[in-house]
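S.K.: My structure is below; once you've seen it, I'll send some questions.
The values are calculated or read from the model by the stated rules, or taken from the named source; none is laboratory data. As the structure is a prediction and not an experimental result, all values here were calculated from the model. Every residue, glycine as well, gets a Cβ built from its backbone with ideal geometry; the counts of neighbours run over all protein chains shown. Accessible surface is based on the protein model in full, side chains and every heavy atom, while ligands, DNA and RNA are left aside. Shrake-Rupley method; radii C 1.70, N 1.55, O 1.52, S 1.80 Å.
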Amino acid sequence: MPQETAVIVGAGKGLSAALARRLAKEGFRIALVARDVEKLAPLVAETGARAIAADAQNPQAVEALFAEVDKAFGPPDLVVFNAAMRYRGPIEVLDPSDVMDAYAVGAFGGFLTAQAAARRMLGRGSGSIFFTGATASVKSMPHSVPFAMAKFALRALAQGLARELGPRGIHVAHFIIDGGIASSWATQGEAGPADKWLDPAAIAESYLAIHRQHRSAWTSEMELRPWVETF
């Protein structure tokens, strides 16, 4: 199998890092995209990834980052959109400009990323575009309206693109991460089993499995939830 290229937009030290590690083991060439790439230095050293600084809500920046990927690796095989901005607060005190910024990063950024990826994948007639959702993709909670607005919109984007691009050879999938992801702060001093939190490495395995699916039985949406949940 030819060496594949993956682009992870909104890279950090949680799920994105686990996904980068898993893809590196699989032999992928990896581009990690974030506003602040200095934080990615240890992950870059570990995985051999290429770090690219870009703001996902800026059309010119998104096009520039994909142009850099084109030059370094060629058209991507897998693009994962993980970017989000968690802006919280009661409705009466939310700053409209901050709400718009959260929406622009989490939803418009997803559109820009998908558009740039699709333009490159369509010429080849193959590739995967994945969107990372959350509980907020299907259920909005108090004081979390800006985050839910973006996640609802991202899910709509994924559903529409799955129908539009699937018949043209592009696998589009949305992942509902319905629970907290394990991290140092999430597990420290917590009662109960450690695996009551979603294991980022296990989530990464699911992403890779969906990317590897035969197109006769593609998954367009997957919900991942820890085993302790009762609903």
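S.K.: Based on the mean of other beta carbon atoms within 10 Å per residue, what is the order of 96-107, 9-20, most packed first?
M.R.: 9-20, 96-107
S.K.: Size of the dipole of the chain about the Cα centre, Lys and Arg at +1 and Asp and Glu at -1 on the beta carbon, nothing else charged, in debye to 20?
M.R.: 580 debye
S.K.: Another question about this same structure. Which whole-number value in Å² is the accessible area per residue of the chain, probe 1.4 Å? The partial results should precede the final answer.
M.R.: On the way: 11290 Å² over 231 residues.
With the other protein chains kept in place, the chain gives 49 Å² per residue.
S.K.: Using +1 at the C-beta of Lys and Arg and -1 at the C-beta of Asp and Glu, which of Gly106, Phe131, Val93 has the Cα lying farthest in the positive direction of the dipole of the chain?
M.R.: Checked the options; the winner is Phe131.
S.K.: Something else now. For the range 17-141, just run the numbers: alpha carbon Rg, then divide by 2.2 N^0.38 Å, N being how many residues it has.
M.R.: Numbers: Rg = 15.7 Å, N = 125, 2.2 N^0.38 = 13.8 Å.
Compared with the compact-globule rule of thumb, the range 17-141 sits at 1.14.
S.K.: What does the accessible area of Arg22 come to, in Å² to the nearest 10, when a probe of 1.4 Å is used?
M.R.: Result for Arg22: roughly 60 Å² accessible.
S.K.: Can you give the FRET efficiency for Leu94 and Arg168, using 1/(1 + (r/R0)^6), R0 = 41 Å, r = Cβ-Cβ distance, to the nearest 0.05?
M.R.: Between Leu94 and Arg168 the formula returns 0.55.
S.K.: Just need the relative contact order of the chain here, percent rounded to a whole number, with Cα pairs under 8 Å and 6+ apart.
M.R.: Details: 414 pairs, mean separation 43.5, N = 231.
Here the relative contact order equals 19 percent.
S.K.: Using helices alone, I'd like the mean residue ellipticity at 222 nm for the chain: each DSSP H run of four-plus residues gives -39500 (n - 2.57), total over residue count, nearest 500.
M.R.: Calculated mean residue ellipticity at 222 nm is -12000 deg cm²/dmol.
S.K.: Apply the Kirkwood formula to the chain: the hydrodynamic radius equals the inverse of the mean of 1/r over all pairs of different alpha-carbon atoms; give it in Å with one decimal.
M.R.: Answer for the chain: a Kirkwood hydrodynamic radius of 18.0 Å.
S.K.: Counting only protein heavy atoms and using a 1.4 Å probe, what share of the accessible area of the range 1-132 belongs to carbon plus sulfur, as a whole percent?
M.R.: Values: 3240 of 6020 Å².
C and S atoms contribute 54 percent here.
S.K.: Related question: What's the magnitude of the charge dipole for the range 14-54 around its Cα centre, counting Lys and Arg as +1 and Asp and Glu as -1 at the beta-carbon? Answer in Debye, nearest 20.
M.R.: Using only the charged Cβ atoms, the result is roughly 120 debye.
S.K.: Here is a follow-up. Quick one: order Trp197, Trp227, Trp218 from most to least accessible surface, probe 1.4 Å.
M.R.: Ranked from most to least accessible, the order is Trp227, Trp218, Trp197.
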